[in-house]
1. Looking at this structure, is residue 27 in a helix (DSSP H, G or I), under 29 Å from the mean Cα position of the chain (by Cα) and either exposed (fewer than 15 other Cβ atoms within 10 Å of the Cβ) or modelled with pLDDT under 85 (or both)?
2. Tell me, yes or no, whether the stretch 71-86 has at least one residue that is in contact (Cβ under 8 Å) with a residue 60 or more places away in the chain, in contact with a strand residue (DSSP E or B) (Cβ under 9 Å, 6 or more places away or on another chain) and either closer than 18 Å to residue 201 by Cβ or not in a helix (DSSP H, G or I) (or both).
3. Working only within the stretch 64-114, note down all residues that are surrounded by fewer than 15 Cβ atoms within 10 Å (Cβ to Cβ) and closer than 16 Å to residue 134 by Cβ.
């Protein structure tokens, strides 16, 4: 019994154990156990019966709702292409920062663009069709987490910046003190930088769309 349980645990090792997946896992273990007991009742030795029961199911990816057959190589290439395009967008929109104290962000955008361009070119030379099961459910969950984390980051970051910049004036009841266009531009840049990071959850959203696009067969 434990031998079969260990085998089923291994089959589900990389699966997110939702209630539905747990039910499927229990059903598979129950069916394998019944098959093994039936073979033993027919006179087969226990070890051989357990082996036969295991051979009846070698993979469970196709049984889990939300999994789909996917062209892995094409999906990964398009994901890299999407990351590259978003890095280019990040770099372009960070160019104004070259004229501020935050020029490092623009250089970072350029470095990321060059790095992913190299990765993309290497992947295009290694294109071979590989089909495997990937989880659309997991991709959707990652997308939601990315948006939630980014939303919290954006609110906390800009809230903190607003408190540091305008807090003393607001608490004392004084009018906001912005001495000139240079200070206004400096304040605007501090709020602008966190906004650029919205490309991160946008990229995760693109991954889900690309996964559905690269579905292979039924």
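The values are calculated or read from the model by the stated rules, or taken from the named source; none is laboratory data. Model, not experiment: these values are computed from the prediction. Glycine gets a Cβ as well: all are built from the backbone with ideal geometry, and neighbour counts include every protein chain shown.
1. Values: in a helix (DSSP H, G or I): yes; under 29 Å from the mean Cα position of the chain (by Cα): no; either exposed (fewer than 15 other Cβ atoms within 10 Å of the Cβ) or modelled with pLDDT under 85 (or both): yes.
Taking the combined requirement at face value, the residue does not satisfy it.
2. First pass over the stretch 71-86, keeping only residues in contact (Cβ under 8 Å) with a residue 60 or more places away in the chain: 71-72, 74-75, 78-79, 82-83, 86.
Right, trim to in contact with a strand residue (DSSP E or B) (Cβ under 9 Å, 6 or more places away or on another chain) and you get 71-72, 75.
Narrowing further to those that are either closer than 18 Å to residue 201 by Cβ or not in a helix (DSSP H, G or I) (or both): 71.
Checked against the condition, which is being in contact (Cβ under 8 Å) with a residue 60 or more places away in the chain, in contact with a strand residue (DSSP E or B) (Cβ under 9 Å, 6 or more places away or on another chain) and either closer than 18 Å to residue 201 by Cβ or not in a helix (DSSP H, G or I) (or both), the stretch 71-86 yields at least one hit.
3. 65 - this is the single residue of the stretch 64-114 that is surrounded by fewer than 15 Cβ atoms within 10 Å (Cβ to Cβ) and closer than 16 Å to residue 134 by Cβ.
Residue-wise test of (1) crowded, with 18+ Cβ neighbours inside 10 Å; (2) outside the structural domain of residue 195 (by TED's automatic domain parsing); (3) in contact with a strand residue (DSSP E or B) (Cβ under 6 Å, 6 or more places away or on another chain).
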residue: 36; (1), (2), (3): yes, yes, no
residue: 44; (1), (2), (3): no, yes, no
residue: 55; (1), (2), (3): no, yes, no
residue: 58; (1), (2), (3): no, yes, no
residue: 116; (1), (2), (3): yes, no, no
residue: 119; (1), (2), (3): no, no, no
residue: 127; (1), (2), (3): no, no, no
residue: 135; (1), (2), (3): yes, no, yes
residue: 138; (1), (2), (3): no, no, no
